[in-house]
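**Q** This structure is in structure tokens; I'll ask about it shortly.
The values are calculated or read from the model by the stated rules, or taken from the named source; none is laboratory data. Just so it is clear, the model here is predicted, and its values are computed rather than measured. Heads up, the Cβs are rebuilt from the backbone with ideal geometry, glycines too, and the neighbour counts pull from every protein chain shown.
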Amino acid sequence: MKNNLIFLLFVAFFFVPVSNATAQLNNEHAVGLRFGASQGLNYRYTLSSDRAIEGLLSIQSNSKSKRFRLAGLYEHFYPLHENFNWYWGYGGSVGSYTRKSHTRVLDNGHTEIVGSRSELALSVDGVAGIQYDIPNAPLALSLDVKPSFDFMQESSIRLFNFGFSIRYLF
């Protein structure tokens, strides 16, 4: 059920009718924090009333690995209703992927320690989301999904990398 809802929301971003009206990105700069599967800092520079570029500096970590990424995205914005916009974009990222050291049990019952290993991480990224500009405040809230295809020794596709961002507009 949850996967069906996520898929429906993802597809809705791409099939919402787009009118000739353009979104109004009124602020040239926006800086904030992103929370979710990959969390970190983000910065957006407005190119025109409906186009922007965004940089994301993110860190992911769990018990087996850690990632560091710097992503760049080119984004298109469209109005939904008053202070709401929806957006989509594309870009890529570069960073590092480190597999943490761990203990491995061998077939004979003995254990060995496997050291940490790092490698370059490159990816092709996309983004689709909604943004709400808080009236009479220099703040914006956004919720998005940022799918990516990683180019590493063990390549992977990450479709449902959801994030929530809070940005200060100036």
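**Q** What are the pairs with Cβ atoms under 8 angstrom where one residue, in the range 148-170, is more than 19 Å from residue 70 (Cα to Cα) and the other, located anywhere, is at pLDDT 80 or above and not in a strand (DSSP E or B)? Sequence gap at least six, or different chains.
**A** Pairs found: 168/138; 169/26; 169/27; 169/138; 170/27; 170/28; 170/138.
**Q** If you scan the range 38-48, which residues turn out to be in contact with a strand residue (DSSP E or B) (Cβ under 8 Å, 6 or more places away or on another chain) and either surrounded by fewer than 19 Cβ atoms within 10 Å (Cβ to Cβ) or not charged (D, E, K, R) (or both)?
**A** 38, 39, 40, 41, 42, 43, 45, 46, 47
**Q** May I pose another question? Residues of the range 133-150 being farther than 16 Å from residue 43 by Cα, touching a strand residue (DSSP E or B) at 6+ places or on another chain (Cβ under 9 Å) and not charged (D, E, K, R), which ones? Can you show your working first?
**A** Keep residues of the range 133-150 that are farther than 16 Å from residue 43 by Cα, which gives 134-137, 145, 147-150.
From the residues that got through so far, the ones that are touching a strand residue (DSSP E or B) at 6+ places or on another chain (Cβ under 9 Å) too are 134, 137, 145, 147-150.
134, 137, 145, 147, 148, 149 - these are the residues of the range 133-150 that are farther than 16 Å from residue 43 by Cα, touching a strand residue (DSSP E or B) at 6+ places or on another chain (Cβ under 9 Å) and not charged (D, E, K, R).
**Q** Looking at the range 88-114, I want the residues that are farther than 30 Å from residue 53 by Cβ and have a partner that is among the acidic types (Asp, Glu) with Cβ atoms under 7 Å, at least 6 apart or on another chain. Which pairs are those?
**A** 104/112; 106/112
**Q** Which one of 52, 30, 23 is out of contact with any Gly (no Cβ under 7 Å at 6 or more places or on another chain), among the hydrophobic types (A, V, I, L, M, F, W, C), over 17 Å from residue 120 (Cα atoms) and modelled with pLDDT under 85? I'd like the intermediate steps shown before the answer.
**A** Numbers: 52 fails: modelled with pLDDT under 85; 30 fails: modelled with pLDDT under 85.
Exactly one residue qualifies, and that residue is 23.
**Q** In the range 86-99, what residues are surrounded by 15 or more Cβ atoms within 10 Å (Cβ to Cβ) and in contact with a Ser or Thr (Cβ under 9 Å, 6 or more places away or on another chain)?
**A** Answer for the range 86-99, where residues must be surrounded by 15 or more Cβ atoms within 10 Å (Cβ to Cβ) and in contact with a Ser or Thr (Cβ under 9 Å, 6 or more places away or on another chain): 87, 92, 93, 95, 97, 98, 99.
**Q** Between 58, 38, which is of a type in the set (Ser, Thr, Tyr), under 20 Å from residue 163 (Cα atoms) and modelled with pLDDT under 90?
**A** 38
**Q** A further question follows. Hey, among 150, 144, 125, 107, which residue is crowded, with 16+ Cβ neighbours inside 10 Å, at pLDDT below 90 and acidic (Asp, Glu)?
**A** Testing whether each residue is crowded, with 16+ Cβ neighbours inside 10 Å, at pLDDT below 90 and acidic (Asp, Glu) leaves just 150.
**Q** Another question about this same structure. Got at least one residue in the range 120-141 being among the small types (Gly, Ala, Ser) and free of Cβ contacts under 8 Å to residues at least 12 places away in the same chain?
**A** Looking through the range 120-141, at least one residue is among the small types (Gly, Ala, Ser) and free of Cβ contacts under 8 Å to residues at least 12 places away in the same chain.
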